[in-house]
Amino acid sequence: MRLPKPELDDLTFEELVDEARRLIPRYAPEWTDHNISDPGITLIDLFAWLTETSLYRLNLITNEHTKKYLQLLGIRPQPSQPAKVDLTFESKTKVTLKKNDIVSTEIEGKKIYFELTDEITVVPLNLKTIITDEVTGVFDRTSFNNEDDLFFAPFGENVRNNSALYLGFDKPADTLSLCFYLYEDDLIPPGSHGSESPHDFKNCEIRWEYVKALANEKDNDNDDNKTKNQKYEWQEITPSLDETASFKRSGRVLFKGINEWEAMQLPIYNSDTPLYWLRCVLVKSNFEYPPRIKRIRLNTITAIHGRTITDDTEERVSTGLPDQIFQLKHAPVLDGSLKLLVDGTEWQQKDDLYGSSAEDHHYILDRQEGRIIFGNGIMGRIPPEGAKITIESYRTGGGRDGNLRAGLTWVAEDYPELKITNYLSATGGKDEEPIEYARVRFLKDLQTPYRTVTSADFEYIAKNTPGLRVAAAKAIPEYHPDYKNDKEFQRDVVTVVVIPYTPIEHLEQPPEPSQGFLEAICRHLDRHRLLGTDIHVIPPLYIKVNVSLQIVPSSGFDETSLRTEILKTLNRYIHPVKGGEDGSGWPIGRNVYRSELYRLLEDIQGVDCITRLSISGDNGAKTDAEGNLILPSKISTVYSGNHSIGFLTTEGICRRKRR
């Protein structure tokens, strides 16, 4: 039987020779003798033979070879990932579900299992009213919580200290589980850098409180007088769990030990029915942008695709032979979940046994097929003859099969009376990464900076701080933030100016990074800096830019609509996050040029011409002889301020625009 010949390239020896001969007139026109007797043709034949041989050898590289090469480079194909889904429970009585309790749904006759990631107590109450006490007034946001395309800011769009969010419930409970879904559709994705975990930081201080009756007012025997004279106080309560990290991300907030929760009519809101109120007070705000809530759901918790197998009692006994293989009952197996014992001693799972000695208690797991493979006595120890192999536990599941659509009906095995719904789709399930994908990921990773050498490295690493949304970063070598002008420098110092992302287009206040935000970026840069480099992460010096202009409108255009369009254009252009020529944010340190504003505004439909335009700014910004706004420092950037627009109706003073 002849050896198989895999085809990496479809060029044969003859085709390689013919291709080389066709190139001779292009590169060596003086070479005219193309007969086989010519020494040059002999060399072409030789190199064609060598090329064909190399192609054949490359064809023999299998996925296992590539996998091992990647392993030597520190790259491991990612194992399958389980999907996650948020499940909402409804019950007529109080029910407590434990961590790892199994819930299931059926798709086309196939049961798909998920496990709860934490304990949850389901309480029979409803969220009846949502009130926000903002700087601009008190608003009923209940309807916003019931519509898919609406959202609201719990502390207002213009966040101020002492704003509050009020949640009114129809019944009391000693335990309360709330899931907050934030509106993030108009935000950039949080930063990521390799496999590093997200950085946590603090950018606000909030206080949760519930209504409690004063003890000396509760002993009135007359029910009518009790309702009339009863006094209340707000009792502070600390959440036992806050996955939102004070409304920085979507997640669950859990309250336990709500004692003597009383119903009352909220003084700031007129309602006919007393409710059980829970409120969140914003004590101190340093939000980079105002949080927005899309939905608040009661009795909701995350479940993860798969189930834990603990009842695998099949008898497995070693034969003492090398390379033994044992089969698990269920597959695929989630990475790192298998616990295996040989005669009561736990053995370790490895990707391969090439680095294992004859005495190492190692084995290989084929996760997709559920096969356990032991060593041969040279690479990995052989389980002794007669040794009992025990499977204590493992988790089966994962992959794209767990990415289920929303609105399915679920069943909890031990709680048939519960109604369970997933209002959102299950997401995150991934199959095991193919070798080719891992190779491409490695090649992309080679282009990712992991060491701060150049200014671009500092800026990339700062912008991609895991878990943070950084709109812009600028590295300034040898600039110390304590200096007040740009004429003084300090060597071995790099100052990184950062701007946090904000979705707001018209800024009353520019987006200031909180101290926690700056410290998180500094910690991340510190992990990647060169020794001896002093790093400072600072906010920009914001310049409020005011534009005064006088225009001649085109005939037939309404001045009010035109004024609105001009203001919208200026607010969008002079914006630290969404401004500039390309809409990616005003470059830090760049001046505002009068000619660019002329071009920008004269392109607006309805503007015949601009007869006067002037620019001014605060914080030390000055105008030069041409009327351009010169920023005071290389750490400065701009945001749109108050603009003055005047209209002239004089005819014939505009020259025709060049289009």
Hey, what does the equivalent ellipsoid look like for region 556-659, semi-axes from the Cα gyration tensor as sqrt of 5 times each eigenvalue, largest first, whole Å? 26, 15, 12
Assuming 0.36 nm per residue, please report the length gained on full extension of the stretch D174 to N376 beyond their Cα-Cα distance. 66.8 nm
Beyond 51 Å, the calculated P(r) of the chain holds a percent of Cα-Cα pairs equal to 37
Quick one: Debye curve from the alpha-carbon atoms of region 233-389 only, equal weights, vacuum; give me log10 I(q)/I(0) at q = 0.09, 0.12, 0.13 Å⁻¹ to two decimals. -0.59, -0.70, -0.74
Apply 1/(1 + (r/R0)^6) to the Cβ-Cβ distance of T93 and E19, taking R0 = 56 Å, and write down the FRET efficiency to the nearest 0.05. 0.10
Dividing the helical contributions, -39500 (n - 2.57) per DSSP H run of n ≥ 4, by the residues of the chain yields a 222 nm value, nearest 500 deg cm²/dmol, of -5500 deg cm²/dmol
Beyond 32 Å between alpha-carbons counts as too far, so tell me which of K128/K284; K231/K284; K99/K231; K248/K444; K94/K339; K67/K339 fall in that bin. K99/K231; K94/K339
For Y27 paired with L43, estimate the spin-label separation in nm (one decimal), with each label point 7 Å from Cα along the Cα-to-Cβ line. 1.0
Region 455-538 - charge dipole about Cα centre, Lys and Arg +1 at Cβ, Asp and Glu -1, debye rounded to 20: 220
Ranking P29, G40, L11 by how far each Cα lies towards the positive end of the charge dipole of region 11-52 (+1 on Lys and Arg Cβ, -1 on Asp and Glu Cβ), the top one is P29
Principal axis lengths of region 455-538 from Cα atoms, whole Å, largest first? 38, 29, 21
T310-T650 pseudo-label distance in nm [points 7 Å out on the Cα-to-Cβ vector]: 8.9
What is the gain in length, in nm to one decimal, between N126 and R160 on full extension, counting 0.36 nm per residue of separation less the C-alpha to C-alpha distance? 9.3 nm
Taking R0 as 41 Å and r as the Cβ-Cβ distance between T623 and R451, the FRET efficiency 1/(1 + (r/R0)^6), rounded to the nearest 0.05, comes to 0.45
Length gained if Q348 through K568 is fully extended, taking 0.36 nm per residue and subtracting the Cα-Cα distance, is 72.9 nm
Report the calculated FRET efficiency for A331 and K231 (r = Cβ-Cβ distance, R0 = 56 Å), to the nearest 0.05. 0.30
At D431 and L187, where each label point lies 7 Å from the Cα along Cα→Cβ, what is the point-to-point distance in nanometres? 3.3
If you take the alpha carbon radius of gyration of region 308-350 and divide it by 2.2 N^0.38 Å, what ratio comes out, to two decimals? 1.23
Hey, could you pull the Cα Rg and Dmax for region 11-52, both in Å? 10.0, 28
Options P189, S104, H362, ranked by Cα towards positive dipole end of the chain, top entry (Cβ charges): P189
Cβ-based exposure ranking for T452, T62, in which fewest neighbours within 10 Å come first: T62, T452
Quick check on the exposure proxy: order V135, V545 from fewest to most C-beta atoms within 10 angstrom. V135, V545
In debye, nearest 20, what is the charge dipole magnitude of region 11-52 about its Cα centre with +1 on Lys and Arg Cβ and -1 on Asp and Glu Cβ, if you could check? 160
Hey, got a sec? Which trypsin sites (Lys or Arg not before Pro) in region 97-156 land in a DSSP loop and have at most 11 other Cβ atoms within 10 Å? K98, K99
Partnerless Cys - the chain, beta-carbon criterion under 4.7 Å: C179, C204, C280, C522
Give me P(r) over region 334-400, computed from all C-alpha to C-alpha distances, binned every 10 Å, as integer percentages. 21, 52, 24, 3
When the dipole is taken about the Cα centre of the chain, and only Lys, Arg (+1) and Asp, Glu (-1) are charged at their Cβ, what size is it in debye, to the nearest 20? 1440
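Coordinate-derived values only; no laboratory data. Quick caveat: nothing in here was measured; it's all calculated off a predicted structure. A quick note on method: Cβ atoms are made from the backbone with ideal geometry, for glycine too, and the neighbour counts reach across all protein chains shown.
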